[in-house]
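Notes to accompany the following structure.
The values are calculated or read from the model by the stated rules, or taken from the named source; none is laboratory data. Model, not experiment: these values are computed from the prediction. So basically every Cβ, Gly included, is an ideal-geometry build from the backbone, and we count neighbours across all protein chains shown. Side chains included, ligands, DNA and RNA excluded: accessible areas come from the protein's heavy atoms. Shrake-Rupley method; radii C 1.70, N 1.55, O 1.52, S 1.80 Å.
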Amino acid sequence: MNAIDQQNLNIIISIVSTIVAALIAWSAWQRRHTPGARWFIGLVLCVAWITFWYIFEAAAGFDVDAYVTFGKLEYVGLTYIPLFWFGFSLSYSGSNRPMSKGLFWALRIIPLVTIALAWTNEFHGLIWRETVLVDRGGLPIFEPAYG
């Protein structure tokens, strides 16, 4: 299998994954009154978001600027997965103490700061000092120097 076939297969798998995640979120929405369902919906939507933008990242080929831009869009979903997983775990475990609104908003600070750092990386280099796409048998592999 050559590199172009591998990249196309990668894109097809990502498209299918995005659709499956969206269908799971829709199915969970039908059961949104179940304990933990809303957290689970958020978690699955984060996965759908990441895989959706990864499709474009993979299709960008060796265009490092496009690759990084789509990677930054993925950060929105990536940074919120821990928050939704924590909320789902608390809720689904039968904990008698649901997460307070204050704690929820406090836990959102880290994802928001991380997203802001990713989107302003060109000014400070705290996420990536250098962004490089390496050719591995015709496939672009992102090998940054992290900040």
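Any idea which residue in region 58-72 is farthest from TRP119 (Cα to Cα), counting only those that are open to solvent by less than 20 Å² (accessible area, probe 1.4 Å) and under 12 Å from the mean Cα position of the chain (by Cα)?
GLY71
From the list TRP128, TRP105, pick out the single residue that is aromatic (Phe, Trp, Tyr) and closer than 18 Å to VAL64 by Cβ. First the steps, then the outcome.
Values: TRP105 fails: closer than 18 Å to VAL64 by Cβ.
So the residue among TRP128, TRP105 that is aromatic (Phe, Trp, Tyr) and closer than 18 Å to VAL64 by Cβ is TRP128.
Please list, ordered by first then second residue, the pairs with beta carbon atoms under 6 Å, 6 or more apart or interchain, first in region 120-147 and in a strand (DSSP E or B) and open to solvent by less than 70 Å² (accessible area, probe 1.4 Å), second of a type in the set (A, V, I, L, M) and modelled with pLDDT under 90.
Every condition considered, the pairs that remain are VAL134/ILE141; LEU139/ALA3.
If ARG31 passes every condition in (1) closer than 22 Å to GLU74 by Cα; (2) in a loop (DSSP other than H, G, I, E, B); (3) not small (Gly, Ala, Ser) but one, which one does it miss?
For ARG31, the failing item is (1).
Going by the conditions given, is ILE81 among the aliphatic types (A, V, I, L, M), open to solvent by 40 Å² or more (accessible area, probe 1.4 Å), in contact with a Cys (Cβ under 8 Å, 6 or more places away or on another chain) and in a helix (DSSP H, G or I)? Even if it seems obvious, please write down each step before you answer.
Numbers: among the aliphatic types (A, V, I, L, M): yes; open to solvent by 40 Å² or more (accessible area, probe 1.4 Å): yes; in contact with a Cys (Cβ under 8 Å, 6 or more places away or on another chain): yes; in a helix (DSSP H, G or I): yes.
For ILE81, the condition - among the aliphatic types (A, V, I, L, M), open to solvent by 40 Å² or more (accessible area, probe 1.4 Å), in contact with a Cys (Cβ under 8 Å, 6 or more places away or on another chain) and in a helix (DSSP H, G or I) - is met.
Which of (1) more than 21 Å from the chain's Cα centre (by Cα); (2) open to solvent by 70 Å² or more (accessible area, probe 1.4 Å) is the odd one out, the single condition TRP105 does not satisfy?
(1)
Condition first: exposed (fewer than 14 other Cβ atoms within 10 Å of the Cβ) and either closer than 20 Å to PHE142 by Cα or without any contact (Cβ under 8 Å) to a residue 60 or more places away in the chain (or both). Can you find one or more residues in region 33-56 that meet it? I'd like the intermediate steps shown before the answer.
Looking only at region 33-56, we keep the residues that are exposed (fewer than 14 other Cβ atoms within 10 Å of the Cβ), and these are 33-34.
Still in the running and either closer than 20 Å to PHE142 by Cα or without any contact (Cβ under 8 Å) to a residue 60 or more places away in the chain (or both): 33-34.
Looking for residues that are exposed (fewer than 14 other Cβ atoms within 10 Å of the Cβ) and either closer than 20 Å to PHE142 by Cα or without any contact (Cβ under 8 Å) to a residue 60 or more places away in the chain (or both), one finds at least one in region 33-56, hence yes.
Within region 84-119, take every residue that is among the small types (Gly, Ala, Ser) and not in a loop (DSSP other than H, G, I, E, B) and give me the one that is farthest from ALA48 (Cα to Cα). Steps first, answer last, please.
Filtering region 84-119 for residues among the small types (Gly, Ala, Ser) gives 87, 89, 91, 93-95, 100, 102, 106, 116, 118.
This time we only want the ones that are not in a loop (DSSP other than H, G, I, E, B), so: 87, 89, 91, 102, 106, 116, 118.
On the way: GLY87: 18, SER89: 20, SER91: 22, GLY102: 27, ALA106: 25, ALA116: 21, ALA118: 20 Å.
Taking the candidates together, the pick is GLY102.
What is the one condition in (1) part of a helix (DSSP H, G or I); (2) without any contact (Cβ under 8 Å) to a residue 40 or more places away in the chain; (3) in contact with a Ser or Thr (Cβ under 7 Å, 6 or more places away or on another chain); (4) not hydrophobic (A, V, I, L, M, F, W, C) that TYR75 does not satisfy?
(2)
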